[in-house]
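Working notes, structure below.
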Amino acid sequence: LQPTLTYWSVFFSFGLCIAFLGPTLLDLRCQTQSSLSQITWVFFSQQFCLLLGSCLGGVFKRTLSQSLFALFASSLAISLVFAIIPLCHNVVVLAVVMAVAGLAMGCIDTISNMQLVKIYQKDSAIFLQALHFFVGFGALLSPLIADPFLSDTNCILSNSTANASSNLPHIRKSLVPHHPGNLSHYDLPMKGMVVTRVSYAFWIMALINLPVPIAVFFLLYKERMVPCFSSSSHPLLSADELALETRPPDKDDLPSSLQRPQAAAGGHDDFFSCCQSKNFRGASFTYFAVHITGALVLFMTDGIVGEYSGFIYSYAVEEPLSVVHKVAGYLPSLFWGFITLGRLISIPVSYRMKPATMVFINVVGVLITFLLLLIFSSSVVFLFVGTASLGLFLSSTFPSMLAYTEDILQYKGCATTVLVTGAGIGEMVLQLLVGSIIHEQGSYSFLVCGMIFGGLAFTFYALLLFFHRMYPKPSS
């Protein structure tokens, strides 16, 4: 129970850190006295280092001790980042601080998913659903904490403040967590007296996050892995434990308390170790096909999450819908709210339903939702209904796919690392791709792109089912 709750709490840190940047970015622009084009590079530094941290996180997960120390350092780094951000008065320093946060988030993403899979294996689906619920919970909470401290008018007072303030609600709603949008045509003052209270929001989030590294430290202490406490507190092995130490153990014979450290030591390596030739010896082509098709499904579905949350506001305010800015601003919140609700619903559902069935329902639901959004593209009401539906269907795709793919490979492949990396790359690449297409072809291409990505996700999932049938069954 304690390790599971600890991994869940660490993923709450991940969610808390991923969603605050969008609503607070204008106040951070004032704090650093930078232009909009300069401050949006902070998005890139966080997202790029998150992907890099996901790849490198595997270096720390070869043993339980390394994993827990990495989680402790990462969760503590997130609290320190929240505390330091109000002190960053230069945009380059802020980008470096957010890069550190991105690395910490990437390590948390890879290690927490991996450790839960190792502990529970065939029973991991329900615990992975709960894990990803905590991301959504954190992502909902941080904008709510920040909202009372955001500036109602432009936070740099100058002669042009009155004109710039009329654009402020539109710009703020465009700055969603995943994509800053095209803001180069907005002119905001860069020099003048800075008036912002956003520092209090970051200090509150630092305090809220502080119990997380403390919880990881207590787990390290319980497992006797803290150097200053571990040397004198090791008890003598009991007769049963001594017997287990001196013979090759059967996995089913081990108590769960002994299975956890052992499970953490084997079966998985980091992203670069997965690419070594020794892992490929004797592997059939279906071994590689399962990894690749599973990663491609998440490349598409996580890419849809990023591009939809990033551009739904811009799509709604433009013709033919022309939704007023204040109403359109609820769409990203509605999308993330239903992702969180869907993850909560998926916890009991995954107890009754196989991960393969859940993924099938998810990808078919995404495809049908985009089709209906295209058919009723002139309806504002259906845009809200479709946004909620899309959030529900996308919510449980990642944990269900992770549980299903690891189950196919009998927990001996590199599925977790490959899938986490594929999802991160998809979120970055598809946002850039869709942004450029919308700029060239117009807002209607936003839904067309979503439809194409949904169709590709369904195609790759059908290929994964085909390769699952061909994959060699475990010997009795």
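Numbers for the structure displayed
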{"quantity": "Count of residues meeting criterion [open to solvent by 40 Å² or more (accessible area, probe 1.4 Å) and among the charged types (D, E, K, R)] in the stretch 408-445", "calculated": "2"}
{"quantity": "Residue in the stretch 33-52 that is open to solvent by 20 Å² or more (accessible area, probe 1.4 Å), under 17 Å from Asn113 (Cβ atoms), in contact (Cβ under 8 Å) with a residue 60 or more places away in the chain and not assigned by the TED database to the domain that holds Gly424 present", "calculated": "yes"}
{"quantity": "Tally of residues being within 24 Å of the chain's Cα centre (by Cα), over 28 Å from Thr421 (Cβ atoms) and not in a helix (DSSP H, G or I) across the stretch 21-55", "calculated": "0"}
{"quantity": "Candidates Ile119, Ile111, Ile78 - the one that is touching a Gly at 6+ places or on another chain (Cβ under 6 Å), within 26 Å of Pro399 (Cα to Cα) and in a helix (DSSP H, G or I)", "calculated": "Ile111"}
{"quantity": "Test for Leu372: is it at pLDDT below 85 and either closer than 27 Å to Gly138 by Cα or part of a helix (DSSP H, G or I) (or both)", "calculated": "no"}
{"quantity": "Qualifying residue in the stretch 446-453 (condition: open to solvent by 10 Å² or more (accessible area, probe 1.4 Å), over 23 Å from the mean Cα position of the chain (by Cα) and more than 23 Å from Cys107 (Cβ to Cβ))", "calculated": "yes"}
{"quantity": "So Thr63, is it closer than 25 Å to Leu419 by Cβ, touching a residue at least 40 places away in the same chain (Cβ under 8 Å) and open to solvent by 30 Å² or more (accessible area, probe 1.4 Å)", "calculated": "yes"}
{"quantity": "Selection from the stretch 342-353 of residues that are touching a residue at least 40 places away in the same chain (Cβ under 8 Å) and either touching a His at 6+ places or on another chain (Cβ under 7 Å) or outside any helix (DSSP H, G or I) (or both)", "calculated": "Arg343"}
{"quantity": "Cβ-Cβ under 6 Å pairs, at least 6 apart or on other chains, the stretch 297-326 side within 22 Å of Ile361 (Cβ to Cβ), far side buried (at least 24 other Cβ atoms within 10 Å of the Cβ) and among the charged types (D, E, K, R)", "calculated": "Asp302/Glu427; Gly303/Glu427; Gly306/Glu427"}
{"quantity": "Selection within the stretch 355-386 - more than 25 Å from Val327 (Cα to Cα) and touching a residue at least 40 places away in the same chain (Cβ under 8 Å)", "calculated": "Pro355, Ala356, Met358, Val359, Phe360, Asn362, Val363, Val364, Leu367"}
{"quantity": "Pairs with Cβ under 9 Å, 6+ apart, first in the stretch 393-406 and within 23 Å of Met470 (Cα to Cα) and open to solvent by 10 Å² or more (accessible area, probe 1.4 Å), second at pLDDT 85 or above and not in a helix (DSSP H, G or I)", "calculated": "Tyr404/Lys354"}
{"quantity": "Condition broken by Phe12, with the remaining ones in (1) buried (at least 21 other Cβ atoms within 10 Å of the Cβ); (2) touching a residue at least 60 places away in the same chain (Cβ under 8 Å); (3) over 16 Å from the mean Cα position of the chain (by Cα) satisfied", "calculated": "(3)"}
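The values are calculated or read from the model by the stated rules, or taken from the named source; none is laboratory data. On a predicted model such as this, the values are computed, not experimentally measured, just so you know. Glycine gets a Cβ as well: all are built from the backbone with ideal geometry, and neighbour counts include every protein chain shown. The area values use the complete protein model at the heavy-atom level, side chains included, leaving out ligands, DNA and RNA. Shrake-Rupley method; radii C 1.70, N 1.55, O 1.52, S 1.80 Å.
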